[in-house]
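Reviewing the structure listed below.
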Amino acid sequence: MQPHFGGRRIRDLKRYEIRSYINRRLEQGVKLSTVRRELRLFCAAINFAKAEFGLEDMPNPVARLGLSKEEPRVRWLTRQEAATLIKEAEFNAPRPHLPAFIRLALNTGCRRGELLNLEWSRVNFEQKHILLEARHNKSRKRRTIPLNDDALSVLKRMEQWQEEKGVRSPWVFGWERGRITTFKTAWTSALKRAGITDFRIHDLRHTFASWMVMQGISLYVVKELLGHASITQTEIYAHLAPSQAEEAVQRLLPF
């Protein structure tokens, strides 16, 4: 909040000055989410000062400003773009890890950490699923991820590669030096060669969800696959669902 409010007394701050600060930060190109985080810290600091110095009767000018929510980011690839990205990830790659990661993410919707920390002991080839215990995922709930044929093929290829290279690793994304923890350089290079911009690794998860919804899969099913705690989180993909309104009214029986 420095230098905007430096040297000011808390009691003298006005709400219009807080709004002026918000506008200035946004004009500087700062994201609304960042400004909102700054305001939360400022609001908490003022509340602490009120309690510490007996200023409970003093209004907090930052409280309940009612900032509009920032539109959630939903960036996804077309199937052609995804195929191109995988092809470029395979180009001159000394190891199969990045293209394998991309294909698994697109076929399971798993988070980056969920895949990079995946152990072979949690891959069930017979029942065609991988197991995520509570400690393995953000939602802190056990989750079973079904595997389609493409995902199974990727995992078997990784298993074969490790056997061929004599890599004895408990991790699917294991290699000679332990475990892959990042794809930063290879990922950036693959995106550049593929001509794909404004795309992050987490957007592979958005792509999985978007493809599901566009195929008419229920949001509730997608919610379970993604491991969302609330359907509200999954509703950011609702606009991609094919319209079922016309089909619904056609099902009404005539009088």
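When the range 95-130 is filtered for residues that are closer than 23 Å to W211 by Cβ and among the aromatic types (F, W, Y), only F101 remains.
Would you tally the residues in the range 1-30 being of a type in the set (A, V, I, L, M) and free of Cβ contacts under 8 Å to residues at least 12 places away in the same chain? Lay out the reasoning, then the answer.
Quick first cut of the range 1-30, residues of a type in the set (A, V, I, L, M) only: 1, 10, 13, 18, 22, 26, 30.
Restricting the remaining residues to those that are free of Cβ contacts under 8 Å to residues at least 12 places away in the same chain gives 26, 30.
Selection size over the range 1-30: 2.
Can you pull out every residue in the range 32-56 that is under 30 Å from R73 (Cα atoms) and either of a type in the set (F, W, Y) or not assigned by TED's automatic domain parsing to the domain that holds S20 (or both)? The one that is under 30 Å from R73 (Cα atoms) and either of a type in the set (F, W, Y) or not assigned by TED's automatic domain parsing to the domain that holds S20 (or both): F42.
For (1) at pLDDT 95 or above; (2) exposed (fewer than 13 other Cβ atoms within 10 Å of the Cβ); (3) closer than 28 Å to Q233 by Cβ, each residue gets a yes or a no:
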| site | (1), (2), (3) |
| --- | --- |
| A134 | no, yes, yes |
| K141 | no, yes, yes |
| N148 | yes, yes, yes |
| G166 | no, yes, no |
| S169 | no, no, no |
| F173 | yes, no, yes |
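Please state which one of S189, S153, S121 is more than 19 Å from L204 (Cα to Cα), of a type in the set (S, T, Y) and assigned by TED's automatic domain parsing to the domain that holds A209.
S121
Going by the structure shown, is G178 modelled with pLDDT under 95 and in contact with a strand residue (DSSP E or B) (Cβ under 9 Å, 6 or more places away or on another chain)? Spell out how you get there, then give the answer.
Numbers: modelled with pLDDT under 95: yes; in contact with a strand residue (DSSP E or B) (Cβ under 9 Å, 6 or more places away or on another chain): yes.
When the stated conditions are applied, G178 passes them.
Right, R79: touching a strand residue (DSSP E or B) at 6+ places or on another chain (Cβ under 9 Å) and not aromatic (F, W, Y) or not? First the steps, then the outcome.
Working: touching a strand residue (DSSP E or B) at 6+ places or on another chain (Cβ under 9 Å): no; not aromatic (F, W, Y): yes.
Judged against the criteria, R79 is not a match.
So that you can scan it fast, the table gives a plain yes or no per residue for (1) farther than 21 Å from R205 by Cα; (2) touching a helix residue (DSSP H, G or I) at 6+ places or on another chain (Cβ under 9 Å):
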position	(1), (2)
P146	no, yes
E163	yes, no
P170	yes, yes
G174	yes, yes
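Looking for something in a helix (DSSP H, G or I), in contact (Cβ under 8 Å) with a residue 12 or more places away in the chain and out of contact with any Phe, Trp or Tyr (no Cβ under 8 Å at 6 or more places or on another chain) - is there at least one such residue anywhere in the range 58-77?
Start the filter on the range 58-77 by keeping residues that are in a helix (DSSP H, G or I), which leaves none.
Looking through the range 58-77, none of the residues is in a helix (DSSP H, G or I), in contact (Cβ under 8 Å) with a residue 12 or more places away in the chain and out of contact with any Phe, Trp or Tyr (no Cβ under 8 Å at 6 or more places or on another chain).
Of all the criteria given as (1) modelled with pLDDT of 95 or more; (2) under 26 Å from E176 (Cβ atoms); (3) touching an Asp or Glu at 6+ places or on another chain (Cβ under 8 Å); (4) not polar (S, T, N, Q), the one not satisfied by L77 is (2).
For every residue, the table says whether it meets (1) closer than 30 Å to R168 by Cβ; (2) of a type in the set (A, V, I, L, M, F, W, C); (3) touching a strand residue (DSSP E or B) at 6+ places or on another chain (Cβ under 9 Å).
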| position | (1), (2), (3) |
| --- | --- |
| G54 | no, no, no |
| M58 | no, yes, no |
| A93 | yes, yes, no |
| A100 | yes, yes, no |
| L147 | yes, yes, yes |
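Filtering the range 184-242 to residues that are of a type in the set (A, V, I, L, M), free of Cβ contacts under 8 Å to residues at least 12 places away in the same chain and assigned to a helix (DSSP H, G or I) leaves only V221. Residues in the range 115-140 that are part of a loop (DSSP other than H, G, I, E, B) and within 17 Å of the chain's Cα centre (by Cα): N117, N137, K138, S139, R140.
Close contacts from the range 148-161, counting a first residue that is farther than 15 Å from L115 by Cα and a second that is at pLDDT 95 or above and in a helix (DSSP H, G or I), with Cβ to Cβ under 7 Å and a gap of 6+ residues or different chains, come to N148/N107; D150/R103; D150/N107; R157/A100.
The values are calculated or read from the model by the stated rules, or taken from the named source; none is laboratory data. Just so it is clear, the model here is predicted, and its values are computed rather than measured. Cβ sites come from the backbone with ideal geometry, for glycine too, and all protein chains shown count toward neighbours.
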